[in-house]
Amino acid sequence: MELRELVRHRAAIVRMRTKLKSKIHSIMFMKGISISYVSTHLFTKGYSEKLKEHNDYRINGCLHIIESLNDEINTVSKKMLLLAQEDEMAKLLMTIPGIGYYSALLIVS
């Protein structure tokens, strides 16, 4: 039960982050801000710094929340990786090409 909640928690956080990134893109579109300078590397540190240069409170607020969500995702992912390394079934599943610790724990849960 706890494992399933952990997997769901991470998925929910990732969905929140995706919504915020989409919101930033819609704000940029409405303001006519071009994103061509980083079209292949969206939301890297350099991209975030370029966005902050526009001094839009909505974009900066979303970026701040995205940074917090990234920290939470990293924390949860580390916990999940440790759990996957301890779980025999997850270890077996991870031997299948294309199945990582997240997918393995999702299947096990």
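Some values worked out for this structure:
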{"quantity": "Shape box of the chain [Cα atoms, principal axes, largest first, Å]", "calculated": "51, 26, 18"}
{"quantity": "Qualifying lysines (Cα of each under 28 Å from Cα of LYS45; at least 8 residues distant if same chain)", "calculated": "LYS19, LYS21, LYS23, LYS31, LYS78, LYS79"}
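Read the figures in this text as sums done on the coordinates, not as results from a lab. Remember, predicted model here, so these are calculated numbers, not experimental data.
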